Structure formats: C-alpha cells, structure tokens
Amino acid sequence: MRPAGRRTRFAIVATTTAILAALGGFGGWAALSTDASTGNAAQESKLSEAYGKARYAVAQFELAVREDQLKPTPAGRRRVLAALSGLRGTLPAIDRNGDARDRALTADLRREIGFTTIGVGHLMTAAENFDAAGVDRLNTVEVAPHLDRIESTVNAAAAAHRAGLSAGLASARRSQGVALGATFVMFVLGLLLTGAVVAVLRFKRRLDDARRAEIERLRDAATRDSLTGLANHRAFHECLDGLVETGSRFSLAIVDLDGLKLTNDTCGHQAGDELLERLAHALADVSPDGRAFRIGGDEFAMVVDGTAVDAFGVAQDLRMHVAGATTGVAELRAGEDKHGLIRRADLALLAAKRTHREVLVYSADMESMAGTDLPPDERHLSTLATALARAVDAKDSYTRSHCETVAELCVLIAGELGLDTDRVARIRIAGLLHDVGKIGISDAILQKPAALTAEEAAIMRTHPDLGAHIVSAAELYEEAGWILHHHERLDGRGYPDGLTGGDVPLESRIIMVADAFEAMTSDRPYRPRRPVDEALAELERHSGTQFDPECIAALRRILLPAATPGRPALSAAA
C-alpha cells in the first residue's frame, strides 16, 4: 500500500482514539456528577425526613398543650412533657445531617423551645388553678408566639429541603441521561474503532501474506531452476548438508543427459531444452519425495533415502521413462561428508559412461580408473558385455534389467565381503554376463509362464555351460568359470558339475545369491514380487545347503534399512 494510504489509516485510528478518550473523560465526569447529585439528593432526603418529624412533633406538642388547657389533668401534663421531649429528640437528626445553617436553625429552635417550656409550665399552673384570665394572657404572651416561630421555622426549613431534594433528584436524572448518552456514543464509536482495528489488522495480515509470498517466491527463485522447474544446485547442496548433519542414511544418483551438445548443435537449443525438460519430468516422476535437482547444464541429481540398492532401483525406473541418460550411484558412508559422496557418485557416472552402462553403483575399482581412459580392447569388451546383457534381457521379456541388477548386487556383496578391487571389477562383468548362455535357449522355454517339463528343465540347465563358452571366447576365462558354476549348491545338488562346499568358487556363490534375490523381488507373470524381508528369509532357509551364509549375511547388511515389510528393493523399483 502507498504511504499516503497508510497515513490516512493512521489518522482515522488516531482521531477515533482521541474522540473515545474525550468521551471517556466526559463519561467519567458525568458519572462523578451523577454520584454527587445522588449523594446530595440522599442528604436532602434525610434532612427532609428529619424536618418532617420535627413538624409532626410540633403539631403533637401544640395538640397536647391545647388538650391540657381544656382539661388539666396529670395525664395531660405528662402528654405535654412527652411531646416536648419528642420535639427536642428530632433536633439531633437535623444537626447530624445538616450543614452550618441547619445547626444554627436548631440552636434557635432549642432556644424557642426553652422559652415555650417556661411559658407552658406557667400555663399549666394557671390552668390547674382555674385562672382563665391568666391562661389567656400566658397563652397569648408566653406560649403562642414561641410555638408560631417554632412551627414557621420548621415548616420553612422542611419546604426548602423538599425543594432541594426535588432539585437533586432532577440533577441526578439529568446526569444519568448524560452518562447513558455518552455510554451509547462510546459504544458506537467503540464499534467503529473495533472495525477500524479489524480493518487495519486485516490489511496488515494481507501485507504480511504478500510479503511472505514474495519472500517465498524469491526463495523459490533462488533455489529452483527456471527451465526445468527442479530444485537447483544451491538447493541440492542445502539438502545434502541437512541430511549429512542429521546422520541420515541415503544415497545419491547423479544423472547426465547424453548427447545434449550434439542436439544443440544440430537441432538448435530449443530442441536441447526440450530434452532437458523431458528428463526433468521423468526425474520428478520417479524421484522419492521429489528430491530431484538440476545441478549443471546437462547434469541432474536425485537424493534417495536408504541404500545404493534403493537408488539403483530408482535409476532403473528412470530408464523406463527416458532414454539417453547415464547414472552413477553412491551411498553415503559413515563419517563421510557431502563432497566425498558427490565424488564417488561422479566416479560411478564416469565409469558408466566409459563402459557404456546406463546405471552403475560405485565400487572401489573405479578409483584406479579415475582420470584415465580404458584401453581400446577393454572398452570394446565392456561395450560388448553390456550389449550381450541387454540382448539377454531383451530375449527374456520377463526379466527386465535382470542382468544389470544382478551385476550391481554382486559388486555390493563382493565389496561387503572385502574382495579386492580387481576381483570386484571382474565379478561385475561376470554378474552382467551370468545369463548370457540363455541366448542359446529357445524362446518357448524362456518365456513359458508355466512350470517346465523335465526335458525343458534339462535344456534350461545347459545355459551356464553355454554362457561359459561364450565368455571364454572373449578370453575371460576366470569369469567364465564363475559363470559356469553359479548354479552349483553347497550341498552338491547343483549343476552342471555337482560341486560341494568350498569347491564352488566364492564369486559363483555371490552370483547365485544375487541372482536368486533379484528373481524373488521382481515381478513375474506367474507371481508377484516378494517383499525384501521375505526374500531374505527365503535365502536364509536354504543357507548352508543351497546358498553361502556369508553372502546372505553381506546382502542383509547391505539391505538392512530397506529390509522392512512392504518396502521394495531395487528390483521392485526397477
């Protein structure tokens, strides 16, 4: 609001307040005036009552004197004396409630009563002696003048105080009327002031809301990417700082949009912007809690509560929404800061790009490859392995991303078991290619929704041997051996060679656990996926016979935060 408008509102409130203050003062004066008028009226009422009693006592005294004149008797004398005493008894009330004039008047009355008492005494003596002439003379000279003065004095004073009482009551009524009028005006103005205060408070609230909205808009503008609508680089670091400070267990997925520069150069920046927006929408769809960020030109990030397995599953989900994006995943380590986490996720991203994998989880072997490029033969081998794994997954439509998921589970289990970096890197390849032999299996058997016959099962059991031959052709002899035996059991009831216990290579045992877990936690047309805790429980039921207990324990440690009922593992997300 403009300053002039604020000044107007302030002037209205100030004026109303001043009027209310003035009316309040006037109301206080009216109340005091009413109180004083009421007090005066009460005083006049008491005096009027006292003078009325005095008038009555004078009349009683005159009547007693006349009766005694007509018929003098001892009883009549006693009545005269009693009436005289009663008249004197009315005077203290006048002294008590009156002012100086009233007290002067009672002094005169006492003097007149004294003279009258003497005259009445003489009069009663003359009456007892039957001295009619003396009675007339005494009544005319000594009694009647004093009684007349007493009566006129009392009557005049009583009339004056009755008039004072009427005036006091009228003044009190006027004061009450003024006070009531002032109260009504104050009530009306109070309502107006209340309305003005409410209006000012509403205006202030609207102003505060607008200020908060503007602050929120500015904060949002400072932490949100204008093109994609995702949170920006600053918000990304604030999010990581908060999670690291609280000690939360979470993972980071850094996503790079492939080919953005080529699109900008060949199709224009508008087409490039459309690619960025498409990827941003996909990230917003798959990112838990909406924690997706654009942290650079073609680089994005997702923060996922839980383990690297959970983040890998979210990244696999992203693959189904948008193509042409590469993701590196890393889980926060105990005592690690955000910079270490970002560095490891970046290493996973670089390794994924180098090996043409769409999603990779960080492993220690990536440290040795940082800043270097793979030799051509290794790069070609990695590309071929990825292509073969996707060919297998494409052939078996029920096992979407199965090979890549198993490969990352193998890496995590191997790392948890403390295998050296070279073996971790090689087991990733073995995990990626563990089912490559299925290329030689008929689609009718691979995609059969019902149980296999004995003959079909026998054909299916040839896939480890086929896979080993394919991988051996690439001169990956040790990896071929691991693939050959990844269906062997510790109790010797596996295939193809029926190996037992320690004769089964550790890497084969790792692949077997990862393969079984991924299969149980993935949807199939003939059954829904199992929750993570049920899948782990199933593995443990066959621990020591079919599966390696140490591999199961390592997997449980990896999945511990995710191992709660109803929460999907990476395959459930993928």
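Just so you know, all these numbers are worked out from the coordinates, no wet-lab data involved. Not measured: the values here are computed from a predicted model. In this analysis, Cβ positions are derived from the backbone assuming ideal geometry, glycine residues included, and neighbour counts consider all displayed protein chains.
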Order by neighbour count: V198, V58, fewest other Cβ atoms within 10 Å first, most last. V198, V58
Given charges at Cβ of Lys, Arg, Asp, Glu: the chain dipole, positive-most of G467, G313, A554: G313
Options A284, I295, P74, ranked by Cα towards positive dipole end of the chain, top entry (Cβ charges): P74
Karplus-derived HN-Hα couplings along segment 97-106 (A = 6.51, B = -1.76, C = 1.60, θ = phi - 60°), whole Hz, x at Gly and Pro: 9, x, 9, 4, 5, 5, 5, 5, 5, 5
Just how far, in whole angstrom, is segment 298-334 from segment 67-85 if you go by their alpha carbon centroids? 128
For a bin width of 10 Å, list the pair-distance distribution of segment 194-275 built from all Cα-Cα distances, rounded to whole %. 14, 23, 25, 19, 12, 6, 1
When only alpha-carbon atoms are used, what values of Rg and Dmax, in angstrom, describe the chain? 57.1, 176
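Given R₀ = 60 Å, FRET efficiency for R111-F187 by Cβ-Cβ distance, to 0.05? Don't skip to the end; give the middle numbers.
Working: r = 58 Å, r/R0 = 0.96.
That pair, R111 with F187, gives E of 0.55.
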Sorting check: for 447-458, 502-513, which peptide has the highest mean count of neighbouring beta carbons within 10 Å, and how do the rest follow? 502-513, 447-458
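Using Cβ counts within 10 Å as a stand-in for footprinting exposure, how do S368, S171 rank, fewest first? Write out the running numbers ahead of the final one.
On the way: S368 11, S171 17.
Ascending number of Cβ neighbours within 10 Å: S368, S171.
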Relative to the Cα centre, what is the charge dipole magnitude of the chain, using +1 at the beta carbon of each Lys and Arg, -1 at the beta carbon of each Asp and Glu, and rounding to the nearest 20 debye? 5200
Between rounded, prolate and oblate, where does segment 64-213 land on the alpha carbon gyration tensor, with a ≥ b ≥ c its root eigenvalues, rounded for a/c under 1.5, else prolate if a/b exceeds b/c? prolate
Considering only T453, P145, F203, whose Cα is most displaced toward the positive end of the charge dipole of the chain, charges sitting on Cβ of Lys, Arg (+1) and Asp, Glu (-1)? P145
Computed over all unlike Cα pairs, the Kirkwood hydrodynamic radius of segment 224-362 in Å stands at 14.8
